[in-house]
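One structure is given below, encoded as structure tokens.
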Amino acid sequence: MNAEVTTKTGMFDCRDAFAASLEEMAATNPTITAVVNDSVSSTKLKGFRGKYPKRFVNVGIAEQNMLGVGAGLANGGLVPFVCGASCFVTARSMEQLKVDLGYAKNNVKLCGMSSGMAYGELGPTHHSIEDLAWTRVIPNLTVIVPADPVETRSAMFWAAQHKGPVFVRLSRMPVPIVHASDYVFSPGKAVTLREGNDVTVIANGVLVHRALETAERLAKDGISARVINMSSMAPIDRETIVQAAKETAGIVTVEEHSVYGGLGGAVAEIVALEHPTRMKILGVPGVFAPTGSAEFLLEHFGLTAAGIEQAAKELLAKRVIAG
Amino acid sequence: MEKGDDVVEVNEMADVETRLRKAATEVRMHALEMVHHARVGHPGGDLSATDILVTLYLAVMRIDPANPAWPERDRFIMSKGHCSGAFYATLAQAGLLDVNLLKTYMDPLSMLNGHPDRNKIAGVEANTGPLGHGLPIATGTALAAKIQDAAWRTFVMTGDGELQEGSNWEAAMTAAQYGLDNLVLIVDRNRIQQGDFTENTIKMDPLADKWRAFGWAVDEVDGHDYKALLQRFQTLPIEPGKPTCIIAHTIKGHGVSFMENKPEWHHGVPTAEQLAAAKVELMEAAR
């Protein structure tokens, strides 16, 4: 079964945890419904379709309609998980996301797959490096960016029992497990994965494990880095951000997203008002990406352990110069 | 026996028509008062949609005003959410909204926003206003009934110019593919949109053929004839296995002679004098 396949290297595609948890929930909860825009294999929902054909809705290649249908299914008492490539289910159907999900508070779980630059060579049409800027400003919408399969599963179960609209931003890039097996996702709660008092690195999604690797590298130079997984983008954990601003010399944010309007923007909004501190915002610097694989593009934009390390050291160096 | 039953039926039909006519007159008066009060609104479309709205809410749909969230209720989705004046006034006629609230239409902090909000009013199923949202949502509620083997029906009203939004045709294909014969679309075919007549803007005709080509069963009806509307709604679906499209031919501004069939009354606001003249005309017609 697709949903249980893992790679041999201990790296996992979070879509497998997504599909497995949806099937698991559907087995005991008759309201769980999957809705796709023809994206049967890219959402890894073939297994769901085989087991629960009546609760599997394929609206065709029609995202505006898909989100509306999701809102209607929710009105009818079902819990629809509306799934498709993140670039399409946000941008193409943005007004439905704002009105039918956010404003109307319909109980729809929108799952954006292959977000960020996961589609690599397919190019900027298929990249979704704007979706956090677009979704986190919508009232009532919970926005979650899971970092690994453990968090993906927990976020899916949380979303199913939560009454209200949710956007789950998933990738397809393999990631290692960074959470303990008993980890439970909690909206509005950041996860401090590593304590540290010199500098803070805040990341989410596929970049969390790279941030952890950065902390290892910095430790070798005697620098103690705090690593925070900001999987809950909305609501966001203001307290943990302010605490990091107060207790460390500065904050590096790392996201597979534009540097405008995403995680870096969200953290900057908070520290600017509550405890101004030095920041580095790492992400895609306001450009459409060139051609290249997802891994190549992350490297191209410095979204690697080495890139984050350099940014953290620059931040610390500025502190010294500034005295 | 049969003959006697017919007589009873005819009498009942006449009673229902009388009731609907009275309710529709009140809805039209309220809608015009509301737009005049708010100094903003869409009276032309309010008046074209009124007879269909009161027919559905007072004589067709299975709803429980004491329990608006009754899970088995028929759903109505007002996709042309800008015609909130007639919609709110009809909800009041149906006992789903306190009639005294109509006076607060679009006032600061009123429950009655310019476009309906389901989180503020129990009888509202969908937050509409941006066009092309209602039919996809209605497709979802109809699909939810099919998935759960539930008996409720979904009614949705769109404007005719609204059908220029592509999302409607996406939903049309989905509804046909899933054989949603528990879904009834009523097109308020008043032939006028904000800027001009529909046919001078983007031609909608042959509209019935378009829906047929998309796999729907289609009928056309006079949207101001209660008897014709009641008869049409009594035998649904038109064809098992297909969603129903009823093209209701209406007159924008119907019931107020100086508003009828004039694009400028799409969102024109009546002056006090115009309101008074309109009310006199509506009351005289209701006698």
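Throughout, read-outs are computed from the coordinates displayed, never taken from laboratory work. Just so you know, these numbers come straight off a predicted model, no measurement behind them. Glycine also receives a Cβ, built like all others from the backbone with ideal geometry; neighbour counts cover every protein chain displayed.
Rounded to whole Hz and in sequence order, give me ³J(HN,Hα) for segment B:94-109 from the Karplus expression 6.51 cos²θ - 1.76 cosθ + 1.60, θ = phi - 60°, writing x for Gly and Pro.
Once rounded to whole Hz, the list reads 7, x, 9, 8, 5, 4, 5, 5, 4, 5, 9, 3, 6, 5, x, 6.
Starting from the Cα-Cα distance between B:ALA285 and B:HIS267, subtract it from 0.36 nm times their residue separation and give me the gain in nm to one decimal.
4.1 nm
Springs between alpha-carbon atoms under 10 Å, Gaussian network over chain B: tell me which of B:TRP265, B:TRP211, B:TRP70 tops the mean-square fluctuations.
B:TRP70
For an R0 of 45 angstrom, estimate the FRET efficiency from the Cβ-Cβ distance between A:LYS220 and A:LEU273 and round to the nearest 0.05.
FRET efficiency, A:LYS220 to A:LEU273: 0.80.
How large is ³J(HN,Hα) for each residue in segment A:153-163, as worked out from phi by the Karplus curve 6.51 cos²θ - 1.76 cosθ + 1.60 (θ = phi - 60°), to whole Hz, x for Gly and Pro?
Each residue's phi maps through the Karplus curve to give 4, 5, 5, 5, 5, 4, 4, 5, 8, 6, 8 Hz.
Express in whole angstrom the spacing between the alpha-carbon centres of segment B:195-272 and segment A:218-260.
Result: 57 Å between the Cα centres.
How crowded by other chains is B:121-132, given as the mean number of beta carbons from other chains within 10 Å of each beta carbon?
3
Please give every one of the lysines within straight-line cross-link reach of B:LYS252, meaning a C-alpha to C-alpha distance under 24 Å, and leave out same-chain neighbours fewer than 8 residues apart.
Cross-link targets: B:LYS22, B:LYS80, B:LYS103, B:LYS203, B:LYS210, B:LYS227, B:LYS262, B:LYS279.
What distance in nm separates the simple spin-label points at A:ASN197 and B:GLN177, each placed 7 Å from Cα in the Cβ direction?
6.0
Could you rank the peptides B:127-133, B:214-220, B:154-160 by their average count of other C-beta atoms within 10 Å per residue, with the highest value first?
Ranking the peptides B:127-133, B:214-220, B:154-160 by packing returns B:154-160, B:127-133, B:214-220.
Can you pull the mean other chain C-beta count within 10 Å for peptide A:54-67?
Rounded to a whole number, the mean comes out at 6.
Whose amide H sits under 5 Å from the amide H of A:VAL79, counting only residues 5 or more places off or on another chain, with H placed in the peptide plane?
Residues meeting the amide H criterion: A:ILE32, A:THR33.
Scan segment A:265-323 for chymotrypsin sites (Phe, Trp or Tyr not before Pro) in coil per DSSP, keeping those whose Cβ has at most 11 other Cβ atoms within 10 Å, and list them by number.
Within segment A:265-323, the qualifying chymotrypsin sites (Phe, Trp or Tyr not before Pro) (loop, at most 11 other Cβ atoms within 10 Å) are A:PHE288.
Shape of segment A:124-190 from its Cα gyration tensor (a ≥ b ≥ c, root eigenvalues): rounded if a/c is under 1.5, otherwise prolate when a/b > b/c, or oblate?
Oblate is the answer for segment A:124-190, as a/c is 1.5 or above yet b/c matches or exceeds a/b.
Can you give the % of DSSP beta bridges in chain B that are antiparallel, to the nearest 5?
5
As a test, work out the antiparallel percent of DSSP beta bridges whose residues both lie in segment A:191-322, rounded to the nearest 5.
Bridges in segment A:191-322 are about 15 percent antiparallel.
Karplus couplings for segment A:269-278 from phi (6.51 cos²θ - 1.76 cosθ + 1.60, θ = phi - 60°), rounded to Hz, Gly and Pro as x?
Here the 3J(HN,Hα) series is 4, 7, 5, 4, 8, 10, 6, x, 8, 6 Hz.
Between A:ALA234 and residues 5 or more places away or on another chain, which pairs have amide H atoms under 5 Å apart, with H built 1.01 Å from N, and which residues are they?
A:VAL143
Simple spin-label model, 7 Å along Cα-to-Cβ: A:SER293 to A:PHE157 in nm?
About 3.5 nm, to one decimal.
Structure shown: which of A:LYS46/A:LYS163; A:LYS109/B:LYS146; A:LYS51/A:LYS105; A:LYS46/B:LYS120 lie over 31 Å apart, alpha-carbon to alpha-carbon?
A:LYS46/B:LYS120
So in the protein assembly as shown, which Cys have no other cysteine's beta-carbon sitting under 4.7 angstrom from theirs?
Cysteines of the protein assembly as shown left without a disulfide-compatible partner: A:CYS14, A:CYS87, B:CYS83, B:CYS245.
With each label point set 7 Å from Cα along the Cα-Cβ vector, what nm distance links B:ASN67 and A:ILE177?
4.7
Among A:ARG169, A:ARG226, A:ARG92, whose mean-square fluctuation peaks in a Gaussian network model of chain A (Cα, cutoff 10 Å)?
A:ARG92
Extension gain B:ASP149-B:ASP225, at 0.36 nm per residue separation less the Cα-Cα distance, in nm?
Between B:ASP149 and B:ASP225, full extension yields an extra 24.0 nm.
Looking at segment A:81-220, send over the antiparallel percent of its DSSP beta bridges, to the nearest 5.
10
Need the full-extension length gain, A:ALA27 to A:GLN310, defined as separation in residues times 0.36 nm minus the C-alpha distance. One decimal, nm.
My answer for the length gained is 97.1 nm.
For peptide B:141-150, what's the mean number of Cβ atoms from other chains within 10 Å of each residue's Cβ?
Counting Cβ atoms of other protein chains within 10 Å of each residue's Cβ and averaging gives 6.
Running a GNM on chain B with Cα contacts under 10 Å, which residue among B:ASP51, B:ASP15, B:ASP181 ends up with the highest mean-square fluctuation?
B:ASP15
Using only helices, what value at 222 nm comes out for chain A when you add -39,500 (n - 2.57) per DSSP H run of length 4 or more and divide by the total residues, to the nearest 500 deg cm²/dmol?
-10500 deg cm²/dmol
For chain B, what is the mean residue ellipticity at 222 nm derived from helices alone (per DSSP H run of n ≥ 4: -39500 (n - 2.57); sum divided by total residues; nearest 500 deg cm²/dmol)?
Computed mean residue ellipticity for chain B: -13500 deg cm²/dmol.
Could you give me the percent of Cα pairs per 20 Å distance bin for chain A, shortest bin first, beginning at zero and ending with the bin that holds the maximum distance?
Whole-percent P(r) values from 0 Å outward: 35, 56, 9, 0.
5 Å is the cut-off here: which amide hydrogens, built 1.01 Å from N in the peptide plane, fall below it relative to B:GLN193, excluding neighbours closer than 5 in sequence?
Answer set, sorted by chain and number: B:THR198.
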